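*Asks:* One structure coming up, written as structure tokens, with questions to follow.
Please treat every number below as a calculation from the coordinates, not as lab data. If you're wondering where the values come from, they're calculated on a predicted model, not measured in any experiment. FYI the Cβ positions are ideal-geometry reconstructions off the backbone, even for glycines, and counts take in every protein chain you see.
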Amino acid sequence: MKINIAQLKKELGGTQTFSFQTSVDELALNQREEAWTDNVLVDGVVTNKGTYYEVTGTIHATLKESCSRCLESVVSVLTIPFSEKIRETGLEETGEDSEFEFSCFTGDEMEITDLIRENILLAKPLKPVCSENCRGLCPECGANLNISTCGCNPIKIDPRLAVLEKLLSKD
Ligand SMILES: [Zn+2]
Ligand SMILES: [Zn+2]
């Protein structure tokens, strides 16, 4: 993913929008056990801030993995906002280098693939759940407690959910 900023370079304070559709493969996302699927959409705007460029936007990515409680597969469509500062390499050191994690372009083309990849990986949920109310598996017999109840210890139901529980058990 490259943004040509030849024109933007000449306009201090100027902005330039961008929009990309890229793939999980291009971003090399599935290197471990991750299961990112479908295309990844990225859109945003680059602003010429004088000594650096600010790149802000939104990434849309889809992740398929297992619920950390019941192990059913979960598809999460993530909307990931990002904002990064990018500097052209080779410019004079300013003493603010720690601010610039990605000084990743020279010339007129700004490469943002790594930036997008990092933001996607940071946004990955640590403990995905199929639903906030997922009851998980019975630690005794392994039954999926969302689907069936088993004969093991009774589950403690949150009183706030008890009303809902009553309604559901009517069918
Ligand atoms: Zn679950
Ligand atoms: Zn059980």
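*Asks:* Considering each of L8, L12, L27 in turn, give the residue that is touching a helix residue (DSSP H, G or I) at 6+ places or on another chain (Cβ under 7 Å) and at negative phi.
*Replies:* On the way: L8 fails: touching a helix residue (DSSP H, G or I) at 6+ places or on another chain (Cβ under 7 Å); L12 fails: touching a helix residue (DSSP H, G or I) at 6+ places or on another chain (Cβ under 7 Å).
None of the others qualify; the one that does is L27.
*Asks:* What number of residues within the stretch 132-150 are surrounded by 10 or more Cβ atoms within 10 Å (Cβ to Cβ) and of a type in the set (D, E, K, R)?
*Replies:* Final tally of qualifying residues: 2.
For (1) in a strand (DSSP E or B); (2) more than 30 Å from Q7 (Cα to Cα); (3) not hydrophobic (A, V, I, L, M, F, W, C), each residue gets a yes or a no:
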residue: T22; (1), (2), (3): yes, no, yes
residue: D38; (1), (2), (3): yes, yes, yes
residue: V45; (1), (2), (3): yes, no, no
residue: V55; (1), (2), (3): yes, no, no
residue: C70; (1), (2), (3): no, yes, no
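*Asks:* Does the stretch 16-33 hold any residues that are over 16 Å from I112 (Cα atoms) and in contact with a strand residue (DSSP E or B) (Cβ under 7 Å, 6 or more places away or on another chain), and which are they?
*Replies:* Start the filter on the stretch 16-33 by keeping residues that are over 16 Å from I112 (Cα atoms), which leaves 30-33.
Across the stretch 16-33, the qualifying residue is only N30.
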